[in-house]
């Protein structure tokens with residue numbers, strides 16, 4: 001699909017061409033659901049959020065799916081949605097769930113059908129962003145309520161997968177518009 005991969009949006013380089021979809025990945029709070037619609041508007045593409053698609057199909061929230069059926073059932077649904085998007089969709093900006101990148105099959109679908117962009121932020125900054133949310137993601141619940149420490153652990157577990165992304169954008173200190181502009185500048 002595209003032969004040149006960039007690890008950092010600040011690295012000068014030519015625009016990326018022939019990209020079917022753009023997949024936004026990163027931990028909860030990294031800005032995927034905020035940046036996604038802005039980027040889609042700039043590109044004239046369609047925005048989708050895999051968690052919202054899963055919730056719509058299940059008639060339940062992500063938290064309810066986790067508590068009723070467990071994480072494995074949620075991950076199976078997630079892979080089915082990613083496969084559907086990767087094999088049938090074009091010109092989509094897709095906000096992925098933070099753990100979607102863990103499954104090898106998902107990474108293959110993503111790599112073969114688009115540009116994977118890692119929205120990288122520090123666990124401390126992510127915890128600040130999440131503090132204003134009313135719904136905390138199921139994997140962020142801790143007995144002591146220390147969301148920053150839980151995010152740091154999740155980052156340790158997922159770092160290698162996130163760093164396989166085609167493009168990495170350090171989001172600390174950037175607005176959603178600035179992040180979307182950095183991504184859009186790389187897509188012709």
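General remarks:
- Efficiency of FRET between residue 185 and residue 124 - r from beta-carbon atoms, R0 22 angstrom, step 0.05: 0.20
- Label-to-label distance for residue 73 and residue 89 is 2.4 nm, based on points extended 7 Å past Cα in the beta-carbon direction.
- Relative packing of 57-64, 90-97, 122-129, which averages over residues the other C-beta atoms within 10 Å, highest first: 90-97, 122-129, 57-64
- Listed from fewest to most Cβ neighbours within 10 Å, the set 115, 43, 108 follows the order 108, 43, 115.
- For the range 21-184, the relative contact order comes to 36 percent (Cα pairs under 8 Å, sequence separation of at least 6).
- Label-to-label distance, nm, for residues given as residue 60 and residue 41 (7 Å Cα→Cβ offset): 3.4 nm
Read the figures in this text as sums done on the coordinates, not as results from a lab. Nothing here was measured: the structure is a model prediction, and the numbers come from that model. Cβ: placed from backbone, ideal geometry, glycine included. Neighbour counts: every protein chain shown.
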